[in-house]
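Q: Just passing along the structure, written as structure tokens.
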Amino acid sequence: MKNSGILTIVIIIFISVGCAKKGSDQAIIAKDVEQNIIAKEVWSETVTGMKFRKIPRKSIFFRIGSPSTEQGRKDDEKQHTFTVGKYWIAETEVTQKQWNTIMSFNPSKFKGDDLPVDSVSWNLAQKFIKTLNTRTGKKFRLPTEAEWELAARAGTTTARYWGEEIGENNANCGRCGDPWDSTAPVKSFAPNNYGLYDMLGNLWEWTCSEYKKTYDGIEQKCVEGAESYVLRGGALNNSAKHVRAANRARSRPAGKLRGYNCGFRLAMDSTE
């Protein structure tokens, strides 16, 4: 009996030390991730708890689109350079917990507080934004297409912010080596260099820009009453060719592309 008691104590100590080491390792990883993030300025919205990062600018000029050699490239991804104003963008897609704080119903197919709200049309996203703006007095909006790609690339020029290849377990998408058959909880994967999560995969993200096959400057503007709007990033049911920083999709404002795989994240102009 005495030996059994000693063994039990040893096991408890071993488990405690193991848990402590795991927690310590996670803290070190989190610290290392934060050290690599370029967008250091963070602001939290108090009603929903949504966190925003200010996108830094080493230069006012930025290039979007893909080179002709990029695998999976489409003919509406012509590379071009433009100027970018300062803005804030949310760290994650709008979660269901954040959505439920503002709206009286949840349209999502996959339910969970930390899951991104899915099955959202452009029009429904606008209702959320209008309600949030009324409650907070702020002027939140969807990002423009240009702002979205600048944020997604986070200073990189490769097909994806982690490299050229899709790799394993970098995003939630079809045959991407991730463990989810549904949407993944936000922050399940490493962020990009701006501290933004799931800019590729999980859900298509609405922008406020009208879709034009040929870039003509509309990608830098928010448009009301467009026939179709741009979505970016690819989703859980898309293959690697769709999960690229330059890839573009479009849908009507009342539509949801393929039913459930559309969500959104918020942006806001910076006054500084």
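The values are calculated or read from the model by the stated rules, or taken from the named source; none is laboratory data. In this text the structure is predicted, and so the values were computed from the model without any measurement. Glycine also receives a Cβ, built like all others from the backbone with ideal geometry; neighbour counts cover every protein chain displayed.
Q: Please verify whether segment 117-129 includes one or more residues that are in contact with a Cys (Cβ under 7 Å, 6 or more places away or on another chain), farther than 19 Å from ASN247 by Cβ and among the β-branched types (Val, Ile, Thr).
A: yes
Q: Out of curiosity, is LEU203 in contact with a strand residue (DSSP E or B) (Cβ under 9 Å, 6 or more places away or on another chain) and crowded, with 23+ Cβ neighbours inside 10 Å? Outline the logic, then answer.
A: Values: in contact with a strand residue (DSSP E or B) (Cβ under 9 Å, 6 or more places away or on another chain): yes; crowded, with 23+ Cβ neighbours inside 10 Å: yes.
Answer is yes for this residue.
Q: If you don't mind, another one. For the list (1) surrounded by fewer than 24 Cβ atoms within 10 Å (Cβ to Cβ); (2) aliphatic (A, V, I, L, M); (3) touching a Ser or Thr at 6+ places or on another chain (Cβ under 8 Å), I need the number of the one condition that ALA190 fails.
A: (3) is the only condition that ALA190 fails.
Q: Name the strands (runs of 3 or more DSSP E) wholly within segment 61-119 that hold at least 1 residues that are of a type outside the set (S, T, N, Q) and more than 21 Å from the chain's Cα centre (by Cα)?
A: Once the strands (runs of 3 or more DSSP E) in segment 61-119 are filtered for at least 1 residues that are of a type outside the set (S, T, N, Q) and more than 21 Å from the chain's Cα centre (by Cα), what remains is 61-64, 80-83.
Q: Could you please find all residues in segment 224-261 being aliphatic (A, V, I, L, M) and surrounded by fewer than 17 Cβ atoms within 10 Å (Cβ to Cβ)?
A: ALA254
Q: Here's a follow-up. Within segment 217-272, how many residues are of a type in the set (A, V, I, L, M, F, W, C), part of a loop (DSSP other than H, G, I, E, B) and closer than 22 Å to PHE62 by Cα?
A: Total satisfying the criteria: 6.
Q: Within segment 233-272, can you find the residues that are closer than 16 Å to ARG175 by Cα and among the aliphatic types (A, V, I, L, M)?
A: ALA235, LEU236, ALA240, VAL243
Q: For segment 123-161, give me each residue that is hydrophobic (A, V, I, L, M, F, W, C), outside any helix (DSSP H, G or I) and closer than 20 Å to THR48 by Cβ.
A: Initially, segment 123-161 is screened for residues hydrophobic (A, V, I, L, M, F, W, C), giving 124-125, 128-129, 132, 140, 142, 146, 148, 150-152, 154, 159.
Subset that is outside any helix (DSSP H, G or I): 140, 142, 154, 159.
PHE140, LEU142 - these are the residues of segment 123-161 that are hydrophobic (A, V, I, L, M, F, W, C), outside any helix (DSSP H, G or I) and closer than 20 Å to THR48 by Cβ.
Q: Hey, could you check segment 53-106 for residues that are among the acidic types (Asp, Glu) and within 20 Å of CYS208 (Cα to Cα) and say which is surrounded by the fewest Cβ atoms within 10 Å (Cβ to Cβ)?
A: Among those residues, the one meeting the criterion is ASP76.
Q: If only one of GLY233, GLY177 is among the small types (Gly, Ala, Ser), in the same structural domain as SER108 (by TED's automatic domain parsing) and closer than 21 Å to ILE64 by Cα, which one is it?
A: Answer to the check: GLY233.
Q: Here is a follow-up. Is there any pair linking a residue in segment 83-106 that is under 21 Å from PRO56 (Cβ atoms) to one that is of a type in the set (Lys, Arg) and surrounded by 20 or more Cβ atoms within 10 Å (Cβ to Cβ), with Cβ under 7 Å and at least six apart or on different chains, and which?
A: Final answer for the pair search is TRP88/ARG53; ILE89/ARG53; ILE89/ARG265; ALA90/ARG265; GLU91/ARG53; THR92/ARG265.
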